[in-house]
Amino acid sequence: MSSTSQDRCYAERAVIARALAADSPDERITVCGWVRTRRDAKDLSFLELNDGSCLANMQIIIDEDTPAHDSLARVNTGASVCVQGRLVESPGKGQRWEVRAHSLRLLGEADTAEFPLQKKRHSDEFLRGIAHLRPRTNKYGALFRIRSETAFAVHEYFRENGFFHVHTPVLTGSDCEGAGEMFRVTTLPVNAPVPDDGASACKGNPFAEDFFGRECKLTVSGQLEAENMAMGLGKVYTFGPAFRAENSNTPRHCAEFWMIEPEAAFADLLSNMDLAEDCVRQTVRRVLERCPQDMDLFNRHIDPSLIERLHKLVKEPFARISYSEAVDILRKSKRKFTFTPFFGTDLQSEHERFLAEEHFGGPVIVHDYPKDIKAFYMRLNDDGMTVAAMDLLAPRIGELAGGSQREERLDVLKQRLSELGQDAAHYRWYLELRCFGSVPHAGFGLGFERLLMLLTGASNIRDVIPFPRTPGNLEF
Ligand code: 4AD
Ligand code: MG
């Protein structure tokens, strides 16, 4: 390859997804990618080249009498190459187009003895240990393209429905969920004595020497800030990372995950349920439409009923029941649960899955939970016992989204904080929103990784996020 053609190599590069969709041959094409397989025949070599733009590979044909052939020596599975040649109709089966190479440049070698992705299929566990190479496999390439398309579909959905995208902070001084499972952020030296926040009242501010002069944590949810924004912009959503230091090593929890959190002023529990249902349904519909090949891979290799189930989800309304109806169904089910359900206790994952998978055979929204098992900000119902909360439960996932109408009445909110022993001073801004033009409002949090588990049939959350963070795991 001459130096000038090398110089233009990347500028002229055609992504393989585009090249494979061409409607006519091309006398001059440049493709770059990673070699998936190499096969040598008598006077020809075949490379299957993938550049991540789609599931399909481009077949590259290298004739013995071309300059490309001279560079083939160290081109093995895993190596990266840049190929220039002609895009021609493929006489072989399985692809419409192939590239007849004129020149080939080896960009990066991959030692056959060392490169871990030699086999056609590897277990998810094995691939988790090499998360840096996972995107080079068919399955994870497909998964991360679906992840990207899903995020786009979510933004599109909210934009089309009049929601503004707002950015809420990652560093925060408040505990939205009140569960205390937060990561502390500090610039104090590692060996500084751990501040005792319990002692703050008598010893002054234990965080006085720290960066913000007060305690700082990683956010568990952007909700409280989203509420602030909704009280001026009307309808907003955040889509950002959330962090939870809960020590739960389950296939559905990560210490760092992404959450979509819409918040709407002039809205109640009913409109909130409608929004959650419509958002999930429209997002799934779009991903099915836009990622047919990638989705098909999951249908073929992970769950043969996946696509049919998703089409059903898009078409049929979700079931809706109150928490007390849910408890009744569970108690009458005669199923032996590890935790016996009774009114007043939180639904466990086994209960949620029973409702969605077996009883309703599809997504179900459970609403109006007892106040004692829900967060302080949920609006108290007139019965004084339940709150206007909702959880969206899905088969195989359990809780996909959770939200509520928010308590907009200052006196009720203050009363609730004091019942929970919370210091109202920590929620000054939140309380002030209730002093000046307070309005009924509602929102929810939809776990993005759980949505991807629903979409792909993946059974472990670690397999739908590029770099999973779970207790004891912080590779990279
Ligand atoms: O139910 P959660 O805790 O609700 C909130 O955080 C509210 N402040 C949201 C709101 O109303 N704006 O979390 C919401 C969703 C869950 O339904 C679940 O899908 C997901 O976030 N989620 C997790 N996903 C992965 N790993 C974890 N550790 C998760 N914790 C919650
Ligand atoms: Mg929840």
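The values are calculated or read from the model by the stated rules, or taken from the named source; none is laboratory data. Model, not experiment: these values are computed from the prediction. Note that we place each Cβ from the backbone using ideal geometry, even for glycine, and neighbour counts take in every protein chain shown. With ligands, DNA and RNA removed, areas are computed over all heavy atoms of the protein, side chains included. Shrake-Rupley method; radii C 1.70, N 1.55, O 1.52, S 1.80 Å.
Given a 1.4 angstrom probe, what's the average accessible area per residue across the chain, in square angstrom?
Heavy-atom accessible area per residue stands at 49 Å².
As a test of the formula, what do you get for the chain when each DSSP H run with n ≥ 4 contributes -39,500 (n - 2.57) and the sum is divided by the residue count, at 222 nm and rounded to the nearest 500 deg cm²/dmol?
Helix contribution divided over all residues of the chain: -8500 deg cm²/dmol.
Can you put VAL190, VAL15, VAL284 in order of accessible area, largest first, using a 1.4 Å probe?
In descending accessible area the options line up as VAL190, VAL15, VAL284.
Below 8 Å, C-alpha to C-alpha, sequence gap of six or more: please give me the relative contact order for the range 3-108 in percent.
Once normalised by length, the contact order is 27 percent.
Placing +1 at every Lys and Arg Cβ and -1 at every Asp and Glu Cβ, with all other atoms neutral, what dipole size does the range 379-453 have around its Cα centre, in debye to the nearest 20?
Charge dipole of the range 379-453: 160 debye, to the nearest 20.
Only Cα pairs under 8 Å and at least 6 apart count here; give the relative contact order of the chain as a rounded whole percent.
12
Where Lys and Arg each count +1 and Asp and Glu each count -1, what net charge lies around ARG128 among other residues with Cβ under 13 Å from its Cβ?
Neighbour charge sum, excluding ARG128 itself: 0.
Among ARG335, ARG134, what's the order by accessible area (1.4 angstrom probe), most exposed first?
ARG335, ARG134
Any aspartates and glutamates with Cα under 15 Å of the LYS235 Cα? List them, leaving off those in the same chain fewer than 8 positions away.
LYS235 reaches GLU156, GLU160, GLU225, GLU227, GLU261, GLU263, ASP268, ASP274.
Could you pull out the pairs from LYS42/LYS93; LYS119/LYS139; LYS93/LYS120; LYS334/LYS371 whose alpha carbons sit more than 23 Å apart here?
Cα-Cα > 23 Å for LYS334/LYS371; rest within.
Counting only protein heavy atoms and using a 1.4 Å probe, what share of the accessible area of the chain belongs to carbon plus sulfur, as a whole percent?
Whole-percent figure for carbon plus sulfur exposure: 52.
Any idea how far apart ARG331 and GLN415 come out in nm if each label point goes 7 Å out from Cα toward Cβ?
2.7
So what are the ³J(HN,Hα) numbers for the range 32-42, from phi and the Karplus equation (6.51, -1.76, 1.60; θ = phi - 60°), rounded to whole Hz, Gly and Pro as x?
Per-residue couplings from phi come out as 10, x, 10, 6, 8, 8, 10, 9, 10, 9, 4 Hz.
Does the range 3-108 come out rounded, prolate or oblate by the C-alpha gyration tensor, with a ≥ b ≥ c the root eigenvalues, rounded set by a/c under 1.5 and, if not, prolate when a/b is larger than b/c and oblate if not?
Note, shape of the range 3-108 comes out rounded.
Cross-link partners among lysines for LYS374, C-alpha distance below 18 Å, same-chain residues fewer than 8 apart left out?
The reachable lysines, counting only those whose Cα sits under 18 Å from LYS374, are LYS414.
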